[in-house]
Amino acid sequence: RQRDLPVGWRRIFGVSDVNGLQPSSSDREVEIVELPSPDAFQDDLPLQIVAWVRQYREDLKVSPEALGRLGEIALDRGLDGVAEILPAAVAVADRHLELSDLPQASPQALFIDRALETDDPLGTLERRLLTEVLDRCDWRMQEAADRLGMSRVTLWRKIRDYGIERPSGSEVKR
């Protein structure tokens with residue numbers, strides 16, 4: 001039953017057929033073969049993706065940008081992630097599979113990815129949240145503090161600690 005397997009795992013069954021002889025049930029051996037993750041064959045991933053695209057359409061070329069994005073998807077979500085989007089992408093592609101034929105990551109997901117690459121991901125997220133709320137409140141400190149669920153003094157301290165500066169041209173509002 002497939003649902004008993006961890007995500008991304010598949011059961012593969014096979015029998016040896018040496019000289020046309022089928023093994024009897026008592027001769028069966030179970031061998032577990034661990035298949036590599038996409039990380040293990042990262043260097044070969046572009047070749048594999050192009051071959052996979054050509055299974056759908058032999059004449060289709062793949063742009064380097066699209067190939068890079070498909071590789072990112074494979075490393076991020078596994079080959080199942082590529083399998084989900086590839087048929088639709090190939091269907092909408094003209095003569096070249098372009099980056100615009102692939103689903104794009106949301107700006108929020110891209111920001112999270114960039115934040116995770118920093119030394120202080122939570123601090124990066126908090127700084128961004130503070131800046132966004134301050135902008136939405138036109139830098140009215142009490143309103144921003146209320147929306148964030150903190151005191152005005154705490155908000156001032158965080159602004160100072162993160163080095164957040166009021167954009168030039170905006171006036172002080174209380």
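Read the figures in this text as sums done on the coordinates, not as results from a lab. It should be emphasised that the depicted structure is a prediction, and the values quoted were computed from it without experimental measurement. Don't worry about glycine lacking a Cβ; one is built from the backbone with ideal geometry, like all the others, and counts go over all protein chains shown.
A few notes on this one:
- The distance between label points at Arg160 and Val50 comes to 5.9 nm (points 7 Å beyond Cα on the Cα→Cβ vector).
- The order of the peptides 156-164, 69-77 by mean Cβ neighbours within 10 Å, most packed first, is 69-77, 156-164.
- Charging the Cβ of each Asp and Glu at -1 and of each Lys and Arg at +1, and nothing else, the dipole of region 118-162 about its Cα centre rounds to 160 debye.
- Extent along principal axes [Cα atoms of region 118-162; Å; largest to smallest]: 30, 19, 16
- Near the amide H of Val62, within less than 5 Å, lie the amide hydrogens of Leu97, all on another chain or at least 5 residues away, with H placed in the peptide plane.
- FRET efficiency, 1/(1 + (r/R0)^6) with R0 25 Å, evaluated for Asp76 and Leu122 via beta carbons: 0.70
- The dipole here belongs to region 42-101: it is taken about the Cα centre, uses +1 on the Cβ of Lys and Arg and -1 on the Cβ of Asp and Glu, and is about 140 debye.
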